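Below you'll find the structure, written out as structure tokens, and then a few comments.
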Amino acid sequence: MIKTFLYDRSTGEKRKGGEEALTEWESNPDLWIWVDLDNEDQQRESTMLQQTFGVHPLVIADAQRKRHPPKLELFEEYFFLLTNGVKVSDDDVDFKTLQIAFFVSDRFMVTRHADQSNSIDTIWAGVEGADVDVGRGSAHLAYRVLRRVSDRYSELVERLESRLEPLEDEMFENPRDALLEDLMSYGRNLKRLRRIFTYQKSLFARLSGKSHPFIGKEERHEFIDAFEQTERLESLTGLYKELTDDLMNGYISITSHRLNGIMKVLTVVTVIFLPLTLLVGIYGMNFEHIPELKFHNAYFVLLSVMGAIAVGLLLLFRKMRWL
């Protein structure tokens, strides 16, 4: 799907439309346009980007790849930015990334993504209303989308934090395998997030430090703000990843300690019954001549000896603090 939004810099008029607006934009130099390509046919969007906006074919190929590390390329007429958006439900901590490509120039901004993007939809609605000042230019608009992406990542990190806090108490009160599965899942997500934030921090650092004709001083300060937010998120995910690792190690230590306690009890029981089993085995043999068997109180004597051995071993284990 192709959506367009036209802004007339001379009159301040704003209106949205479809692919037909491209012809009007090309014929009027006062018009600025935002084109959003949502799951569009790759050949069709490639033709449009090359013929209408003069985008390099190799850049288009990078944007259309299913998986590509975030990157920034600066050209004389535009810059190309590839980043990872996030797809996550409101109450979940599992997420998927959505690759979003930006082609940003003085007269246009093109966004390209293979699935619906909440961040782009939010800023698009803001442009249609009065929340986002489209007159500030393409770089500012790109910053607003990228900042919305970062805000959604912040919400995800905060949700992970709220899940980790009660796990420590629950781990001591009721350790179970489901806790370890949760911790492994959180650790995997935090590792992915930290890698994403490392890439995006590098992009924002370059955008905030590079001089470009349509990236002004104010826009550079905005990208500095995005850089600082991403840097905080990277630091937080590293901290929570360490906490998750500590909790997993703690869980393993607790379960190992409890298993050792169980094995100690079983060992004590085995040691107590070993001499008793030996006595029972000796006097249970089917020999014709066992003198003790003819003793009148032999049965009671044997029970007494067995009981004394058991009690003696229990007292010994308690003295040695094994029980």
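The values are calculated or read from the model by the stated rules, or taken from the named source; none is laboratory data. Not measured: the values here are computed from a predicted model. Cβ atoms come from the backbone with ideal geometry, glycine included; neighbour counts cover every protein chain shown. Note: areas computed on protein heavy atoms with side chains; ligands, DNA, RNA excluded. Shrake-Rupley method; radii C 1.70, N 1.55, O 1.52, S 1.80 Å.
With the radius of gyration and the Kirkwood radius both derived from the Cα set of region 249-323, what is their ratio Rg to Rh? Reported Rg/Rh (Cα atoms, Kirkwood Rh): 1.22. Principal axis extents of the C-alpha atoms in region 1-102 (largest first, rounded to whole Å): 45, 34, 24. Mean sequence separation of contacting Cα pairs (under 8 Å, at least six apart), scaled by the length of the chain, corresponds to a relative contact order of 12 percent.
For region 13-60, the calculated P(r), taken from all Cα-Cα distances in 5 Å bins from zero up to the bin holding the longest distance, is 4, 17, 30, 25, 15, 7, 1 percent. Computed on the Cα trace of the chain, the radius of gyration divided by the Kirkwood hydrodynamic radius gives Rg/Rh = 1.41. Taking every protein chain into account, the 1.4 Å probe leaves residue 264 with about 100 Å² of accessible area, to the nearest ten.
Which pairs in the list 66/96; 3/71; 16/217 are over 18 Å apart, alpha-carbon to alpha-carbon? If you can, show how the numbers build up before the last one.
On the way: 66/96 13 Å; 3/71 24 Å; 16/217 29 Å.
Listed pairs above 18 Å: 3/71; 16/217.
Over the Cα atoms of region 145-303, Rg to Rh with Kirkwood Rh, two decimal places?
Ratio value, two decimals: 1.53.
Counting only residues at least eight positions apart within a chain, or on another chain, the aspartates and glutamates with an alpha carbon under 12 Å from that of residue 201 are 225, 228, 231, 234. Each DSSP beta bridge with both residues in the chain is either parallel or antiparallel, and the antiparallel ones are about 85%.
What do you reckon, how do 68, 221 stack up by accessible area (1.4 Å probe), largest on top? Mind showing how you got there, number by number?
Numbers: 68 35, 221 105 Å².
Largest accessible area first, the residues go 221, 68.
Could you check which residue among 292, 26, 76 shows the biggest mean-square fluctuation in a GNM of the chain with a 10 Å Cα cutoff? Sorting by GNM fluctuation, first place goes to 292. Backbone geometry of region 102-110 corresponds, through the Karplus equation with coefficients 6.51, -1.76 and 1.60 at θ = phi - 60°, to 3J(HN,Hα) couplings of 10, 10, 10, 9, 5, 9, 7, 9, 10 Hz, x marking Gly and Pro. Across region 247-293, counting alpha-carbon atoms alone, Rg and Dmax equal 20.0, 65 Å. The Kirkwood hydrodynamic radius of region 160-247, based on inverse pair distances between different Cα atoms, is 14.8 Å.
Dividing the Cα convex hull volume of region 97-187 by residue count, how many Å³ per residue is that? It would help to have the intermediate numbers written out before the result.
On the way: hull volume 10.8 nm³, N = 91.
In region 97-187, the Cα hull volume divided by residue count equals 119 Å³.
In a GNM of the chain with a 10 Å cut-off on Cα contacts, which of 144, 65, 107 has the highest mean-square fluctuation? Highest fluctuation among the options: 65. Average accessible surface for region 91-227: 45 Å² per residue, computed with a 1.4 Å probe over protein heavy atoms with every protein chain in place. With each label modelled as a point 7 angstrom along the Cα→C-beta vector, the residue 47-residue 268 pair spans 8.3 nm.
Using just its DSSP H runs of length 4 or more, each adding -39500 (n - 2.57), the chain gives a mean residue ellipticity at 222 nm of -21500 deg cm²/dmol after division by all residues. Here the Gaussian network model covers the chain, with springs between Cα atoms less than 10 Å apart; of 239, 49, 293, 293 fluctuates the most. Protein heavy-atom surface of the chain, 1.4 angstrom probe: 54% of the accessible area is carbon and sulfur, with nucleic acids and ligands not counted. Contact order, relative form, for region 63-193: 17 percent (alpha carbon pairs under 8 Å, 6 or more residues apart, mean separation divided by residue count).
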